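For reference, the structure discussed in these notes is given below.
The values are calculated or read from the model by the stated rules, or taken from the named source; none is laboratory data. Just so it is clear, the model here is predicted, and its values are computed rather than measured. Glycine also receives a Cβ, built like all others from the backbone with ideal geometry; neighbour counts cover every protein chain displayed.
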Amino acid sequence: MKSIKDLHFHDSRAEATWRLSKNLGVLELTRVIGHRNLSSLLTYYRASAAELAKRLG
């Protein structure tokens, strides 16, 4: 079994945040993840213009 070197908790948190952002709005995501500062959450929240347009209908 191969192991992943240099993998940290921060990496898995970033991945989880990215995946959750597909289903939650940024304010909902803030509450789930626990960020107090919206600008720090936006580091992980990478919704594309196409994804945002799709949510708008």
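Contact map, the stretch 1-26: first residue within 15 Å of R55 (Cα to Cα) and hydroxyl-bearing (S, T, Y), second residue at pLDDT below 80 and outside any helix (DSSP H, G or I), Cβ cut-off under 8 Å, separation 6 or more or different chains; pairs are S21/Y44; S21/Y45; S21/R46; S21/A47. Considering every residue within the stretch 17-24, establish whether at least one is among the aliphatic types (A, V, I, L, M), in contact with an Asp or Glu (Cβ under 9 Å, 6 or more places away or on another chain) and surrounded by 10 or more Cβ atoms within 10 Å (Cβ to Cβ). The answer is yes, given that some residue of the stretch 17-24 is among the aliphatic types (A, V, I, L, M), in contact with an Asp or Glu (Cβ under 9 Å, 6 or more places away or on another chain) and surrounded by 10 or more Cβ atoms within 10 Å (Cβ to Cβ). Applying the condition of being surrounded by 10 or more Cβ atoms within 10 Å (Cβ to Cβ) and farther than 19 Å from H10 by Cα to the stretch 28-51 and asking which residue is modelled with the lowest pLDDT yields A47.
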